[in-house]
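Heads up, the thing below is written out as structure tokens.
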There are 2 protein chains.
Amino acid sequence: MGKKLINDPDNVVKEMIEGIVMASNDRLEKLDGYNIVLRKDAPVEKVALVSGGGSGHEPAHAAYVGQGMLDAAVAGDVFTSPTPDAIFEAVKAVDSGNGVLLIIKNYTGDLMNFEMAAEMAEAEGIEIEQVIVNDDVAVEDSLYTTGRRGVAGTVFVHKIAGAKAASGAELKEVKRSAEKVIKNVRTKGVAINPCQLPAAENSTFSLAEDEMEMGIGIHGEPGTEKVKIKKVDEIVDSLLKDILTDLKIKKDDKVALMVNGMGGTPLMELYIANRRANNFLSNKGIKISKNYVGEFMTSLEMEGLSLTILKLDGDLTNLLEAETEVNLLK
Amino acid sequence: MGKKLINDPDNVVKEMIEGIVMASNDRLEKLDGYNIVLRKDAPVEKVALVSGGGSGHEPAHAAYVGQGMLDAAVAGDVFTSPTPDAIFEAVKAVDSGNGVLLIIKNYTGDLMNFEMAAEMAEAEGIEIEQVIVNDDVAVEDSLYTTGRRGVAGTVFVHKIAGAKAASGAELKEVKRSAEKVIKNVRTKGVAINPCQLPAAENSTFSLAEDEMEMGIGIHGEPGTEKVKIKKVDEIVDSLLKDILTDLKIKKDDKVALMVNGMGGTPLMELYIANRRANNFLSNKGIKISKNYVGEFMTSLEMEGLSLTILKLDGDLTNLLEAETEVNLLK
């Protein structure tokens, strides 16, 4: 443990952002002097979407920039909020005069810095709105959060608000779509091995050889309990029960299901978990309209997974299915 | 180490295949009684492509089944070749009377079993051809191979031969395209932590806290040397030098570049490696026409990466860019 394929811990974010832009096959660009990824054709004549947060959660958020999703993503240092200044620069770069929606995961640092950036933007006459994603059912408050944490469900907010914005909707309508997703989406995760910070000698938490932690967040924050590792089918059942109870899902409801790897989990294990999640939901008469399996919101090389359920009603299905150039959400 | 999010080591492949089919949003199906993934609309009126091999390399090969790529993938047990019988079943399920191309990674067990399946198919009057991928420049022979190993470059064979078949080409022409990719593609990898088999107590090889292994394969086979871990820029340079020397790439040549995670490597590290690979190639005047970063050919949760270069000439560029419903290769 502890080994990394990096150069200098102080440069990981800048170098990573450059690598993401290069991997975009000419779709994206880096804003000079900032760890910000933009659509190359920004500003586009529509409501713009900006998200971001600490690094270490890749592909979030930079890889979600593109037609049909985000217009810009702002990357802070590892597990550290981006500065208000940087967020403000991203907002200015993508605003076409149609306003900007900020999509914020619920962490205290992010909230403060996005709020300050919003004030700076408003002072310059940019129309701005914010939504706060808090999909994690594991804990009510946590190390870095008042209220629930924002985790993998954020990706559905990017997708659906992005599709709404691409359709030409106004800022208030785009915000309403984002809020509807936030109301309808819940996540819970588990880890069997912790994440490891690039600059740190030690892992963020520790687990015995036969232990796992339920309810983990995406920053190595403690979860709800350390227990003996179980069969993955039992783990999936437990996570889904908590999610469904909270969402009040019932028979014949339609949902999107996301099985998200935390960074160090082999795809084999995610697919095995996906099988059980499908069977569990089908047995309850819940219809899975769309199923995603892969890495969407990670925590460096943490070994674990999270399950996200988005309840689909009204126009959410069509917006989720809408065109995007971001392959991960196709 | 050693913990897994699974149920029973004996059932991982079957459960995984079921999970992959469920994740396909109704595009794929499992062939009853076999660990085989098929296009749901198979057989399609065209040359069919079948690949496969041992499991533990996900998304290879099942997630490459789809319009524009494979028609079927046959999954053996973990790191174990599928049986001739299973391969033969896959061939029969996808042959539309236009013949079948088998795409085989160069491992002794795979070669034997695919060859036997080919003979069984020919005996039933199915027109069949085979190609053997051997892109790994690290070693001439290895634990499971005579000649070079077949690794991540196989994915480009799936894509380009798949596009050729989708265009309506005949079996001989599809085979010629596959052979051209094999001639033009090279890979080399590195690991900082080994893979871990579902049923085994121990890892497949061991590395000290400050060590990495150059030239690793995808089954925990030994590489070429254990050395002190270096900065990733130095690692990338070393891998690319060996690849370029072998491929005889020169200034103004066009290439596709794949940065492949081995299963346990955070995306952050892959993007940092991608940055250097882009800079290294650009500095030599080599043009990167297409850049892929992610997990394409893994080795359970091995922490490491491989770099693949495909030299693009003739119609390879267009075939690589052709439509496919497989998001990973878009």
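In table form, for the structure just shown:
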| read-out | value |
| --- | --- |
| Residues (within 30 Å of A:GLU269 (Cα to Cα), at pLDDT 95 or above and not hydrophobic (A, V, I, L, M, F, W, C)) located in the stretch A:166-210 | A:LYS183, A:ASN184, A:ARG186, A:THR187, A:LYS188, A:GLY189 |
| Top-ranked residue in the stretch A:23-34 [being within 9 Å of chain B (Cβ to nearest Cβ) and under 22 Å from the mean Cα position of the chain (by Cα); ranked as surrounded by the fewest Cβ atoms within 10 Å (Cβ to Cβ)] | A:SER24 |
| Test: residue in the stretch B:91-113 that is more than 22 Å from B:GLY263 (Cβ to Cβ) and of a type in the set (Phe, Trp, Tyr) | no |
| Which listed residue is crowded, with 24+ Cβ neighbours inside 10 Å and either hydroxyl-bearing (Ser, Thr, Tyr) or within 27 Å of B:ALA161 (Cα to Cα) (or both), from B:MET258, B:MET268 | B:MET258 |
| Given (1) surrounded by fewer than 19 Cβ atoms within 10 Å (Cβ to Cβ); (2) in a helix (DSSP H, G or I); (3) touching a residue at least 12 places away in the same chain (Cβ under 8 Å), index of the condition A:THR245 fails | (3) |
| Selection from the stretch A:75-97 of residues that are touching an Asp or Glu at 6+ places or on another chain (Cβ under 7 Å) and outside any helix (DSSP H, G or I) | A:SER81, A:SER96 |
| Per-region count, the stretch B:254-288, residues within 25 Å of B:LEU328 (Cβ to Cβ), assigned to a loop (DSSP other than H, G, I, E, B) and more than 8 Å from chain A (Cβ to nearest Cβ) | 2 |
| Filter result for B:LYS311 (touching a residue at least 12 places away in the same chain (Cβ under 8 Å), within 7 Å of another protein chain (Cβ to nearest Cβ) and under 20 Å from the mean Cα position of the chain (by Cα)) | no |
| Matching entry among A:ALA42, A:ALA93, A:ALA62 (being under 17 Å from the mean Cα position of the chain (by Cα) and of a type in the set (A, V, I, L, M)) | A:ALA62 |
| The stretch B:207-242 - residue that is out of contact with any strand residue (DSSP E or B) (no Cβ under 9 Å at 6 or more places or on another chain) and under 26 Å from A:GLN196 (Cβ atoms) and, of those, surrounded by the fewest Cβ atoms within 10 Å (Cβ to Cβ) | B:GLU209 |
| Out of B:VAL190, B:VAL181, B:VAL185, sole residue that is under 21 Å from B:GLY147 (Cα atoms), crowded, with 24+ Cβ neighbours inside 10 Å, within 11 Å of chain A (Cβ to nearest Cβ) and in contact (Cβ under 8 Å) with a residue 12 or more places away in the chain | B:VAL190 |
| Residues that are without any contact (Cβ under 8 Å) to a residue 40 or more places away in the chain and under 27 Å from A:TYR271 (Cβ atoms), drawn from the stretch B:263-289 | B:PRO266, B:LEU267, B:MET268, B:GLU269, B:LEU270, B:TYR271, B:ASN274 |
| Of the criteria (1) under 20 Å from A:GLY153 (Cβ atoms); (2) in contact with a Gly (Cβ under 8 Å, 6 or more places away or on another chain), which one A:LYS251 fails | (1) |
| Subset of the stretch A:15-35 [of a type in the set (A, V, I, L, M, F, W, C) and not in a strand (DSSP E or B)] | A:MET16, A:ILE17, A:ILE20, A:VAL21, A:MET22, A:ALA23, A:LEU31 |
| So A:GLY54, is it surrounded by fewer than 24 Cβ atoms within 10 Å (Cβ to Cβ), assigned to a strand (DSSP E or B) and within 14 Å of chain B (Cβ to nearest Cβ) | yes |
| Filter result (surrounded by 24 or more Cβ atoms within 10 Å (Cβ to Cβ) and over 21 Å from B:LEU319 (Cα atoms)) within the stretch B:61-87 | B:VAL74, B:ALA75, B:SER81, B:PRO82, B:ILE87 |
| Qualifying position, being surrounded by fewer than 21 Cβ atoms within 10 Å (Cβ to Cβ) and in contact (Cβ under 8 Å) with a residue 12 or more places away in the chain, among B:GLY109, B:GLY125, B:GLY150 | B:GLY109 |
| When residues of the stretch B:104-125 are limited to those that are in a loop (DSSP other than H, G, I, E, B) and out of contact with any strand residue (DSSP E or B) (no Cβ under 6 Å at 6 or more places or on another chain), the one nearest to B:LYS172 (Cα to Cα) | B:GLY125 |
| Residues of the stretch B:193-239 satisfying the condition of being of a type in the set (A, V, I, L, M), in contact (Cβ under 8 Å) with a residue 40 or more places away in the chain and at the interface with another protein chain (Cβ under 8 Å from one of its Cβ atoms) | B:MET212, B:VAL232, B:ILE235 |
| A:SER81 vs. criteria modelled with pLDDT under 95, touching a Gly at 6+ places or on another chain (Cβ under 9 Å) and not aromatic (Phe, Trp, Tyr) | no |
| Only one of A:VAL139, A:VAL190 that is outside any loop (DSSP other than H, G, I, E, B) and either basic (Lys, Arg) or farther than 21 Å from A:LEU320 by Cβ (or both) | A:VAL190 |
| Residue among A:LEU38, A:LEU101 that is farther than 28 Å from A:GLU301 by Cα and assigned to a strand (DSSP E or B) | A:LEU101 |
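The values are calculated or read from the model by the stated rules, or taken from the named source; none is laboratory data. All of these numbers come straight from a predicted model, not from anything done at the bench. A quick note on method: Cβ atoms are made from the backbone with ideal geometry, for glycine too, and the neighbour counts reach across all protein chains shown.
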